[in-house]
1. Provide Rg over Rh for the chain; use the alpha carbon set for both Rg and the Kirkwood Rh (inverse mean inverse pair distance).
2. Could you provide, to the nearest whole Å², the per residue accessible area of the chain with probe 1.4 Å?
3. With loop defined by DSSP as not H, G, I, E or B, and exposure as at most 13 other Cβ atoms within 10 Å, which is the longest segment of the chain clear of exposed GluC sites (Glu not before Pro)?
4. Ignoring ligands, DNA and RNA, please state the percent of accessible area on the chain from carbon and sulfur, probe 1.4 Å.
5. What is the sum of charges, Lys and Arg at +1 and Asp and Glu at -1, for the other residues whose Cβ falls under 11 Å from the Cβ of residue 21?
Amino acid sequence: MRRYTETEDCRRRFLLGYFGEHLPEPCGNCDTCRAGTAARPAGPGGGPFPLHARVQHRTWGPGQVIQRGEDRLTVLFEEAGYRELQLDAVLEQDLLTRADGDAS
């Protein structure tokens with residue numbers, strides 16, 4: 001809830017991402033879009049775990065990146081539910097691997 005209230009991204013895209021949906025462009029209708037703060041999402045070149053990437057965690061199993069910020073990822077794991085992870089920790093400790101065949 002806190003991330004939703006603090007986001008400068010499109011609120012509709014944020015909510016849809018939380019529930020596993022993908023909205024490629026800002027909606028143009030929410031308060032952040034009207035204020036001009038909604039940004040384009042990080043594309044496939046946006047790092048090792050882009051939005052909707054399938055991932056694997058050694059404890060929580062398979063999941064999908066449903067939200068990506070500058071310094072954190074929100075992953076929906078099939079068995080463990082939603083987890084918000086610091087991107088630095090994920091990379092430094094090798095917490096996630098790509099499960100969709102993309103090693104980038």
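The values are calculated or read from the model by the stated rules, or taken from the named source; none is laboratory data. None of the values given here were measured: they were computed from a predicted structure. Glycine also receives a Cβ, built like all others from the backbone with ideal geometry; neighbour counts cover every protein chain displayed. Just the protein is used for accessible areas: all its heavy atoms, side chains included, with ligands, DNA and RNA removed. Shrake-Rupley method; radii C 1.70, N 1.55, O 1.52, S 1.80 Å.
1. 0.97
2. Working: 6400 Å² over 104 residues.
On a per-residue basis, the chain sits at 62 Å².
3. Values: sites that count: 8, 21, 70, 78, 79.
Segment 22-69 is the longest.
4. Answer for the chain is 49 percent, counting heavy atoms of protein chains only.
5. On the way: positive: 12, 13; negative: none.
In short, +2.
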